[in-house]
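Novice: Here it is, the structure in full.
The values are calculated or read from the model by the stated rules, or taken from the named source; none is laboratory data. Just so it is clear, the model here is predicted, and its values are computed rather than measured. Here the Cβ is made from the backbone with ideal geometry for all residues, glycine too, and neighbour counts use every protein chain on show. These area figures cover heavy atoms from the full protein model, side chains too; ligands, DNA and RNA do not enter into them. Shrake-Rupley method; radii C 1.70, N 1.55, O 1.52, S 1.80 Å.
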Amino acid sequence: MKEYRNKLTTVLLAIISIAVLVGCNSDDGKASGKSDPLKVHIALNGKMGPLVIAKEKGLFNEEFSKLGAQIEWSEFPSGPPLLESLASNRVDLSFLGDGALIAGIDKNLPFEVIAQTGRGESSVRILAQAEDNIKQIEDLKGKTVGVASGTTGHVYLINALKAHGLTTDDIKLINLQPDDAQAAFETKQLDAWAIWNPYYLNNIEKGNVVALKVKGKILAPGAIIARKGFAKEHPEIVEAYLKVYKKAADWQIENPEEASEIYSKVTKLPVGTVKKIITTEEPKMPSKHNKNLSIL
């Protein structure tokens, strides 16, 4: 835990230095000098993560008030709908999983990566109905599989199928956001579902569901992002954002009980289930500043 915090602090200081150097000659970046509060649009991507902790505990308030800035929050079930708002300049700062990151880069959407949150093993799993004869990835051939298109779950599914000699052409792929897919899976409209936490562990603990084993490891890098030009115009806001992100991640690791209560309230899941998730999957550490990140 100490090593995690030390590495994270070093990385964030490097990122902050870059941001300040980029914007030091820009009068537009001095939010605190404005008579009216600067509106900063931060988007939540999913129901768990450091940004959720920061929002629920009001961690941004002190840092941003010093700079004469106010937050306007928006919430999205996954990366693809978040990208739509970002493309229309309604998101300034957020987090993206690898699926949305790939899609956004491919479409040349107006954002830049200000920190990469590691290249760790994916938290996605492919769930199947335990009573069906789906015991391995190969058994998905011809089956109906739900996933939110363009998400980390979609990337995981593609890679998992490939590892077992299949493609998405071998299955009946249904594009569903997590909550809709949950309902479809529970009513047996889906044979299988590629989904991340907290959904997959919650379903496993309910019973009658199996997680299919996949050959090898599938990596799922994520990224902290800023709307293109925002970091240059407002480096002090980026600095505050990254400081609070680190503070929230550290706080979650040090306070798993209270963090579990917060996530339980947001997700409506049992506290015990949430605690298993967050103590197994610690917040991922920003690893570098890279505007031209390659994740393929």
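Novice: Can you run down the residue pairs with Cβ atoms below 8 Å, 6 or more apart or on separate chains, where the first is in region 44-73 and in contact (Cβ under 8 Å) with a residue 12 or more places away in the chain and the partner is in a loop (DSSP other than H, G, I, E, B) and open to solvent by 80 Å² or more (accessible area, probe 1.4 Å)?
Specialist: What qualifies is GLY68/LYS34.
Novice: How many of the residues making up region 59-112 are among the basic types (Lys, Arg) and more than 27 Å from LEU176 (Cβ to Cβ)?
Specialist: 1
Novice: Also: Given the criterion open to solvent by 20 Å² or more (accessible area, probe 1.4 Å) and not aromatic (Phe, Trp, Tyr), identify the matching residue among THR280, THR273, THR267.
Specialist: Unique residue meeting the criteria: THR280.
Novice: Restricting the search to region 52-84, which residues are more than 18 Å from ILE237 (Cα to Cα) and either in a strand (DSSP E or B) or touching a Cys at 6+ places or on another chain (Cβ under 8 Å) (or both)?
Specialist: Passing the criteria: GLU75, PHE76.
Table: residues versus (1) over 16 Å from ALA220 (Cα atoms); (2) in contact with a His (Cβ under 7 Å, 6 or more places away or on another chain); (3) open to solvent by 30 Å² or more (accessible area, probe 1.4 Å).
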site: ASP132; (1), (2), (3): yes, no, yes
site: LYS135; (1), (2), (3): yes, no, yes
site: GLU138; (1), (2), (3): yes, yes, yes
site: GLY153; (1), (2), (3): no, no, no
site: LYS162; (1), (2), (3): no, no, yes
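Novice: Another question, then. Exactly one of (1) assigned to a helix (DSSP H, G or I); (2) more than 30 Å from SER65 (Cα to Cα) is unmet by GLY150. Its number?
Specialist: Of everything listed in (1) assigned to a helix (DSSP H, G or I); (2) more than 30 Å from SER65 (Cα to Cα), GLY150 misses just condition (1).
Novice: Another one. Looking at (1) modelled with pLDDT under 90; (2) in a loop (DSSP other than H, G, I, E, B), which one does ALA115 not meet, given that it meets all the others?
Specialist: (2)
Novice: Hey, can you tell me all the residues within region 95-118 that are out of contact with any Gly (no Cβ under 9 Å at 6 or more places or on another chain) and surrounded by 14 or more Cβ atoms within 10 Å (Cβ to Cβ)?
Specialist: ILE105, LEU109, VAL113, ILE114, ALA115
Novice: Sticking with this structure for a sec: Give region 119-130 a look and list any residue that's surrounded by fewer than 24 Cβ atoms within 10 Å (Cβ to Cβ) and in a loop (DSSP other than H, G, I, E, B), or say none.
Specialist: If the condition is that a residue be surrounded by fewer than 24 Cβ atoms within 10 Å (Cβ to Cβ) and in a loop (DSSP other than H, G, I, E, B), then ARG119, GLY120, SER122, SER123, ALA130 are the ones that fit.
Novice: Output the number of the condition that ILE253 fails; it satisfies all remaining conditions of (1) more than 22 Å from LEU82 (Cα to Cα); (2) at pLDDT 95 or above; (3) in contact with a Pro (Cβ under 8 Å, 6 or more places away or on another chain).
Specialist: All conditions pass for ILE253, except number (2).
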